[in-house]
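The values are calculated or read from the model by the stated rules, or taken from the named source; none is laboratory data. Bear in mind the structure is a predicted one, so any value in this text is a computation, not a measurement. In this analysis, Cβ positions are derived from the backbone assuming ideal geometry, glycine residues included, and neighbour counts consider all displayed protein chains.
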Amino acid sequence: MNPLNITIPPQAAEALRRLTAAGYEAYIVGGCVRDAMRGAEPHDWDCTTNAKPDEIARCFADFHVIETGMQHGTVTVVIARMPLEITTFRIDGVYADHRRPESVTFTSSLTDDLSRRDFTVNAMAYAPKTGLSDPFHGADDLSEHVIRCVGCADDRFEEDGLRILRAMRFASVLDFTIEADTADAVHRKKTLLRHISAERIFAEMQKLLCGDGCERILTEFADVLFQILPELEPMLGFDQRNPHHDYDVCTHTLKAVAACPKEPVLRWAALLHDAGKPHTFTLDERGGHFYGHAEISEQIADRALHALKSDRKTLDTVRQLVKLHDFVWNGTEKQLRRMVSKYGYDFTVQLLLLHKADVTAQAACHRETRAAEADRLLQMLEALRAADACMSVRDLAVNGSDLMAIGIPQGKAIGACLQYLLDQVMDSALPNERGALLEAAEKYFAKSP
């Protein structure tokens, strides 16, 4: 991993050039250095400098400068439509609320500035002329795929409790391990998450869930997961005592999460889909059963996502997926058409993908055949769409205006007639042709009460 291969975009290069031309030190810093060294495309390019905020603003007087963060040392400069955060070297004051420092002190030392950062892989700075500044050996940890706190892990987490979840998120998304002392501190300090807003926790969890290392990290740090979502703790070690399952409820759940495509709603749904099982367990001579668990899981999902201040679209979609995750698929085109008619194409795809992930995490003797059947249904659904199959009222060869033109009054009668025509077409009782549909509509309306 050669940091000299870092390619800085022209906007960030211009920011460094201006600051150094004015006699200041200037570096790109943090996540953009980490990602560039990994060969990934950074999302943001941040700069740090020994110039004070007012000096930064003067250096960029001919650009759009946003001064809202100046009291904390940050000036945002927009260069060629790219916003760049430029922050003065600083030392943070006391973190009384376990989230943000009450004050900052500007410093002339880059090392002092890097020492206040969360993890070693985020505590590197780079400038084209001077190369990499890495006093905490972040490059070594990056090469070894390790997340390690800068300095004392307990201190870093006491300063900002969100760093606990950020450590897990980085380890999941980058598929890294968390260094032993840092991992011990994650477990030890997990209650600090009580000081963090639900919105911030939701945002970090959403990223964590979509990481390649999600199953491993949530297994290793299940206690932290239960700190955030106590509703899930009853799943831990809960023996399903069912021939369709090889794993306890928690292990099955995390394997189902990992088997889902990395789409937030699918991974949230997988995480929550069996939360109701411990509350619905019954046992007979055939083994364990969980009658009605989908409905209880939906209620738990609703409470959990409300508590985390989820956005409404995610909450509604996850609830519906959880409610229907145990839907029995019969393998027919007719059923697929009706599912699309009722729930829409995209949701039907999501439900099938969740179903595939669910069966993939079940007993080994069933996984292959059940996952193959889920794939067959997904292919069948795609073929129906490719063939422009009629699966919704919008796909009919007639619309409400056509029905009004033959005398059907506007209002509920139109909707009922369109639904009747759709049902007939999906049952192959009628062709999706204008003439046949209008004739059938006239007969339907004539028989209507």
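Is segment 182-194 home to any residue that is buried (at least 18 other Cβ atoms within 10 Å of the Cβ), modelled with pLDDT of 95 or more and not in a helix (DSSP H, G or I)?
Taking every residue of segment 182-194 in turn, at least one turns out to be buried (at least 18 other Cβ atoms within 10 Å of the Cβ), modelled with pLDDT of 95 or more and not in a helix (DSSP H, G or I).
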**OP:** Filter segment 165-181 down to residues that are among the hydrophobic types (A, V, I, L, M, F, W, C) and not in a helix (DSSP H, G or I) and give me whichever is farthest from Gly31 (Cα to Cα).
**Re:** Ile178
**OP:** Can you give me the number of residues within segment 84-102 that are farther than 17 Å from Asp155 by Cα and free of Cβ contacts under 8 Å to residues at least 24 places away in the same chain?
**Re:** 0
Subject >> Boolean, Asp181 is more than 27 Å from Thr280 (Cα to Cα) and over 22 Å from the mean Cα position of the chain (by Cα) >> reply: yes
**OP:** Go through the residues of segment 257-269 one by one and say whether even a single one is of a type in the set (Lys, Arg), surrounded by 21 or more Cβ atoms within 10 Å (Cβ to Cβ) and within 15 Å of Ala357 (Cβ to Cβ).
**Re:** yes
Subject >> Residues (touching a residue at least 12 places away in the same chain (Cβ under 8 Å), part of a helix (DSSP H, G or I) and either among the acidic types (Asp, Glu) or farther than 18 Å from Tyr95 by Cα (or both)) located in segment 148-164 >> reply: Asp154, Glu158, Glu159
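Each row is one residue, and each column tells you yes or no for (1) within 23 Å of Leu352 (Cα to Cα); (2) without any contact (Cβ under 8 Å) to a residue 40 or more places away in the chain; (3) under 23 Å from the mean Cα position of the chain (by Cα).
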| residue | (1), (2), (3) |
| --- | --- |
| Phe221 | no, no, yes |
| Val224 | no, no, yes |
| Pro230 | no, yes, yes |
| Pro234 | no, no, no |
| Gly237 | no, yes, no |
| Arg241 | no, no, no |
| His245 | yes, no, no |
| Val249 | yes, yes, yes |
| His252 | yes, no, yes |
Subject >> Among the residues listed as Val33, Val75, the single one being outside any helix (DSSP H, G or I) and surrounded by 18 or more Cβ atoms within 10 Å (Cβ to Cβ) >> reply: Val75
Original post:
Does segment 315-366 hold any residues that are free of Cβ contacts under 8 Å to residues at least 24 places away in the same chain and under 19 Å from Ser297 (Cβ atoms), and which are they?
Top reply: Leu315, Asp316, Arg319, Val328, Tyr343, Val359
Subject >> Out of Leu437, Leu422, sole residue that is within 17 Å of Lys342 (Cα to Cα), in contact (Cβ under 8 Å) with a residue 24 or more places away in the chain and surrounded by 18 or more Cβ atoms within 10 Å (Cβ to Cβ) >> reply: Leu422
**OP:** Of all residues in segment 255-290, count the ones that are assigned to a loop (DSSP other than H, G, I, E, B), closer than 16 Å to Phe238 by Cβ and either of a type outside the set (D, E, K, R) or assigned by TED's automatic domain parsing to the domain that holds Ala203 (or both).
**Re:** 5
Original post:
Within segment 245-253, can one find any residue that is part of a loop (DSSP other than H, G, I, E, B), at pLDDT 95 or above and not assigned by TED's automatic domain parsing to the domain that holds Asp311?
Top reply: no
Subject >> Residue ID - surrounded by the most Cβ atoms within 10 Å (Cβ to Cβ), chosen from residues in segment 324-372 that are of a type in the set (D, E, K, R) and more than 17 Å from Cys260 (Cβ to Cβ) >> reply: Arg337
Original post:
Would you call Asp284 at pLDDT below 95 and surrounded by fewer than 23 Cβ atoms within 10 Å (Cβ to Cβ)?
Top reply: yes
Subject >> Among (1) more than 20 Å from Gln350 (Cβ to Cβ); (2) at pLDDT 95 or above - the single one Leu272 does not satisfy >> reply: (1)
Subject >> Candidates Ala13, Ala80, Ala40, filtered to the one that is within 24 Å of Gly138 (Cβ to Cβ), among the hydrophobic types (A, V, I, L, M, F, W, C) and in contact (Cβ under 8 Å) with a residue 60 or more places away in the chain >> reply: Ala13
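Restricting to segment 259-289, count the residues that are under 16 Å from Ala363 (Cα atoms) and touching a helix residue (DSSP H, G or I) at 6+ places or on another chain (Cβ under 6 Å).
2
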Subject >> Of the criteria (1) surrounded by fewer than 20 Cβ atoms within 10 Å (Cβ to Cβ); (2) in contact with a Cys (Cβ under 9 Å, 6 or more places away or on another chain), which one Thr87 fails >> reply: (1)
Subject >> Single unsatisfied condition, Ile28 versus (1) closer than 30 Å to Val173 by Cα; (2) in a helix (DSSP H, G or I); (3) in contact (Cβ under 8 Å) with a residue 12 or more places away in the chain >> reply: (2)
